[in-house]
1. How much length would be gained if the chain were fully extended between E64 and T27, taking 0.36 nm per residue of separation minus their Cα-Cα distance, in nm to one decimal?
2. Kindly provide the GluC sites (Glu not before Pro) of the stretch 45-92 that DSSP labels as loop, not H, G, I, E or B, and whose Cβ sees at most 10 other Cβ atoms within 10 Å.
3. At a Förster distance of 35 Å, what's the computed FRET efficiency of V92 paired with R53, Cβ-Cβ distance as r, to 0.05?
4. Remind me, relative contact order of the stretch 18-99 in percent, using alpha carbon pairs under 8 angstrom and six or more residues apart?
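Just so it is clear, none of the values below were taken in a lab; they were calculated from the coordinates. This one's a predicted model, so the numbers in the text were calculated from it and none came from an experiment. Note that each Cβ is placed from the backbone with ideal geometry, even for glycine, and that neighbours are counted across all protein chains shown.
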Amino acid sequence: MTPEPVKTPAAEIAKRGERTALTGKVTSAKMEKTIVVEVQRLVQHPKYRRVVRISKKFYAHDEERKAKPGDTVRIVSSRPLSRLKRWRLAEVLTRNASAE
């Protein structure tokens, strides 16, 4: 019986790979440390073969409350933070000019 290799945190992180990242627009920032991000993607319709725009809303954790409505942001997946939140704010890509 061969001994099992010791697992280090760095080895587990490298094995797990990078976290899923999505880019979208902030639709709501009215909650405490929570933003709602709408992510749009293009999908081909299975029957009609036309490209259709699909949008989905994600709840993301914003610790410093940096994001404002209309901003374009990048969110990354994380452990479940609440009933709906499974994403964290990574960075604000562009600011909404009318919000400033």
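1. 11.6 nm
2. Of the GluC sites (Glu not before Pro), the ones in loops of the stretch 45-92 whose Cβ has at most 10 other Cβ atoms within 10 Å are E63, E64.
3. Once the sixth-power term is evaluated, E becomes 0.90.
4. Rounded, it is 30 percent for the stretch 18-99.
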